[in-house]
Amino acid sequence: MVDFDVGVILPAAGSGERLGGATPKQYCKILGKPLFLYALEAFEKISYVRHIVLVVDDPSNVEPFLQETNSHKVVVVQGESTRHRSIRAGLQALTKQECDMRVVIVHDAVRPVVPEDLVRQLVLAANENGAAGAVCRLVSTVISAETDGSLKTVLDRNAHLASETPQAFQTDVLVSAYSKCTDKDLDCGTECLQLALEYAGVHAQLVEGSPNDLWKVTIHRDMYTASECLRERSNSVCIIAMQESYPAQLLAENLTSSVQKVESVMKGNQKDTDRLSGQRFNNFIFFHESQSDIENILLNFAPLFDLDTQGLIIHVMEHKNADDLSGMSVYDMQSSGRRMSYEYQKLKKGVVMIHCLDNHTDSYQFLLLVTSLLKAHPLTMTGQNLFL
């Protein structure tokens, strides 16, 4: 348990040249929110974090976003020309706060995933050892080159690790390291753990993390990866089946690995409904046999809707045989889909109708379809009728 105060420095003053484009990557929007806000909001939720210093290129760029969060933990300071100089500016601002912070965390603001359990491990390790850093095993072999571009040597991948953030330090250790380091360190260096070793004599404890969590947005394709990863982490799904349904059971069993939370109400079980009281979901999958059930279902389960987060509502119509579909007009279905799409946008939700034929629907294809819809932007397929 962390029973002392912790501060956080979030460097976000870079130009993002490797990403390309006119907008620095920390301000690029993912799922409607600037990238830097994901890390900031994650640290805000940690109870023992007392103050967060956000180091940016221009404080006026972030003021509109911070006004919406209404956080009392965040202090914004002007960054400098290099990573180390910006972190030092953040450290100076942090030590001026009216709070005795025993440990300071340094985390890149363009790393949107902040695993709380790993943060706790690092904070406790830093408190005991002076410094601690998150690491991952190398995926690619690392080589060094001669000045003419030819191969010089190949490193043993198993003997090296990739340094990531978050990193944590006893406050005095980090202050000492930055007060003693040279201008060359400040201008050319990037590794805080090295400063702690060289100028404070502290051998950081290395804590291995998951490469699924410890990644940063660097080049343009990383934006797509971040979008999918963050969508999965923010997705919560409620599965509601008013009748016995094997596809509904299949989804309940298999979606847990691809979304944050899955709950289900099977056969209208009142105990299931009571269990979900007070919870909110941004995605819903309703299984029913008649389109006339839709309004009643939405009305009954309206208290479970998360109206602050975009999501998708999937209506799964399970038809007993093809005759049920033969009387359906394509025009009427598309018109109905457009009307539903318009109404659901008021709830920040997209809507898709999936028509399934019992005993003919391939279970794997159904699972793949629903998973793909949940990963996509909620409005990508909204208003569409799909058939399996």
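The values are calculated or read from the model by the stated rules, or taken from the named source; none is laboratory data. Since the structure is predicted, the reported quantities are computational estimates derived from the model, not experimental observations. Because the Cβ atoms are built from the backbone with ideal geometry, glycine has one as well, and the counts that use them run over all protein chains shown. Note: accessible area is taken over every heavy atom of the protein model, side chains too, but ligands, DNA and RNA are not part of it. Shrake-Rupley method; radii C 1.70, N 1.55, O 1.52, S 1.80 Å.
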Those residues of segment 276-300 that are surrounded by fewer than 19 Cβ atoms within 10 Å (Cβ to Cβ), at pLDDT 85 or above and under 19 Å from Ala248 (Cα atoms) come to a total of 1
Out of segment 155-185, which residues are crowded, with 19+ Cβ neighbours inside 10 Å, of a type outside the set (Ser, Thr, Tyr) and within 31 Å of the chain's Cα centre (by Cα)? Glu164, Pro166, Gln167, Ala168, Phe169, Gln170, Val173, Leu174
Taking the stated definitions as given, is Thr171 out of contact with any Pro (no Cβ under 7 Å at 6 or more places or on another chain) and under 18 Å from Gly90 (Cα atoms)? yes
Any residue at all in segment 48-56 that is farther than 13 Å from Pro11 by Cα, crowded, with 17+ Cβ neighbours inside 10 Å and of a type in the set (D, E, K, R)? yes
Just to check your reading of the model, which residue among Ala42, Ala93 is on the phi < 0 side of the Ramachandran plot and either modelled with pLDDT under 95 or within 22 Å of the chain's Cα centre (by Cα) (or both)? Ala42
Against the condition at pLDDT 85 or above and either more than 23 Å from the chain's Cα centre (by Cα) or open to solvent by 50 Å² or more (accessible area, probe 1.4 Å) (or both), how does Leu251 come out, does it pass? no
Taking segment 114-134 and keeping only residues that are open to solvent by less than 10 Å² (accessible area, probe 1.4 Å) and either outside any loop (DSSP other than H, G, I, E, B) or among the β-branched types (Val, Ile, Thr) (or both), one is left with Val119, Leu122, Val123, Ala126, Ala131, Ala132, Gly133, Ala134
Among (1) free of Cβ contacts under 8 Å to residues at least 60 places away in the same chain; (2) surrounded by 15 or more Cβ atoms within 10 Å (Cβ to Cβ), which single condition is Ile87 missing? (1)
Please list, ordered by first then second residue, the pairs with beta carbon atoms under 7 Å, 6 or more apart or interchain, first in segment 219-241 and farther than 18 Å from Val259 by Cβ, second open to solvent by 30 Å² or more (accessible area, probe 1.4 Å). Ile219/Arg18; His220/Gly20
Lys349: among the basic types (Lys, Arg), within 19 Å of Leu386 (Cβ to Cβ) and modelled with pLDDT under 85, yes or no? no
Within segment 167-190, how many residues turn out to be among the basic types (Lys, Arg) and out of contact with any helix residue (DSSP H, G or I) (no Cβ under 8 Å at 6 or more places or on another chain)? 1
Among the numbered criteria (1) open to solvent by 50 Å² or more (accessible area, probe 1.4 Å); (2) of a type in the set (Gly, Ala, Ser); (3) in contact (Cβ under 8 Å) with a residue 12 or more places away in the chain, which single criterion is violated by Ala109? (1)
Looking at Asp213, Asp185, Asp172 in this structure, which one is under 25 Å from Phe43 (Cα atoms) and in contact (Cβ under 8 Å) with a residue 40 or more places away in the chain? Asp213
